[in-house]
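Below is one structure, written out as structure tokens; the observations come after it.
The values are calculated or read from the model by the stated rules, or taken from the named source; none is laboratory data. It should be emphasised that the depicted structure is a prediction, and the values quoted were computed from it without experimental measurement. Ligands, DNA and RNA are excluded from the accessible area calculation, which covers all protein heavy atoms including side chains. Shrake-Rupley method; radii C 1.70, N 1.55, O 1.52, S 1.80 Å.
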Amino acid sequence: MNSNNPFFKNKTFTNADSEVVHEATVIGVNETMTVSGTINKSFLMLILLIASASVTWIMTFNGQNPMVMTIGGALVGFILVLIATFRPQNSGFLAPGYAIFEGLFIGGISAIFEVMYPGMVIQAVSCTFVTFMVCFGLYKYEIVKVNDKFRSVVIAATLAIGTYYLISWLLSMFTSFQPVHYGNSMISIGISAIVIVVAALNLFLDFDQIEKGVQQKMPKYMEWYSAMGLMITLVWLYIEFLRLLSKLQKK
């Protein structure tokens, strides 16, 4: 229970640890993950995501319907996440693939929000960037320390949010149930704010697990795996900022 992110489960990192010796035997060099390597791969994934997002973004503003590519990107991205969870050693191509397909989803969704509320995307991007930098600073200077209690609270809160979203979606699909987080009521806005806080707290878990992976000398491919996990959290945070800002625009 080190992180809610499926990429940062103990089992995966433990299995990876056992493969370090095997890799060293095969290639003759004990290549392990580093913080700088993880950062570089995270930036590369971000570039791929932005480049891919521009495709569905441009489609939308050229009068084309981006929904097929948007939904398709989300589905393929989710499938790649599942595969990487069970096959982390293949993260070298799964992680870039996730960034590309998830970019199609992000670009389409962002364009739709931008059409409805001009200027919202840059606000959401700015909020996500500032949140990331603040969390990174708090973690780096040990103002916020990740311990077992911290992990347990964040994971429990994240699982509760995921369960609530799933149940609400199923009920709204098959009944006339209206989830409380829909609309722009004060309760709905409050829920969005809480979800953003929980998403931001997951960044601390991600930073901590990356650091632990380096200390434990995980295999080199875990840089891609860790970068992919961090990207998942950032995408979630960005989407939640879009939702909150759209609710505030409606007030």
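A helix-only calculation puts the chain at -28000 deg cm²/dmol for mean residue ellipticity at 222 nm, using -39500 (n - 2.57) for each DSSP H run of at least four residues, averaged over all residues.
Given a 1.4 Å probe and the protein chains as shown, PHE61 ends up with an accessible area of around 100 Å².
The C-alpha atoms of the chain define a longest principal axis, and helix 186-215 lies at about 10 degrees to it. Can you bin segment 53-190 into rounded, prolate or oblate? Criterion: square roots of the alpha carbon gyration tensor eigenvalues sorted a ≥ b ≥ c, rounded for a/c under 1.5, prolate for a/b above b/c, oblate for the rest. Cα axes put segment 53-190 in the rounded bin. Overall form of segment 106-186: oblate. Here a/c, set by the Cα gyration tensor axes a ≥ b ≥ c, is 1.5 or more, and a/b is not larger than b/c. On a per residue basis, the chain carries 51 Å² of accessible surface, using protein heavy atoms and a 1.4 Å probe. Shown in residue order for segment 217-233 are the 3J(HN,Hα) couplings computed by the Karplus curve 6.51 cos²θ - 1.76 cosθ + 1.60 at θ = phi - 60°: 6, 5, x, 4, 5, 5, 5, 5, 4, 5, 5, 5, x, 5, 5, 4, 5 Hz (x for Gly and Pro).
Phi-derived couplings, Karplus 6.51 cos²θ - 1.76 cosθ + 1.60 at θ = phi - 60°, listed residue by residue for segment 66-75: x, 5, 4, 6, 5, 5, x, x, 5, 5 Hz, with x used for Gly and Pro. Computed on protein heavy atoms with a 1.4 Å probe, the accessible areas place TYR164, TYR117, TYR225 in the order TYR164, TYR117, TYR225, largest first.
Tell me, how many Å apart are the Cα centres for segment 123-170 and for segment 206-245? Answer, in whole Å: 11.
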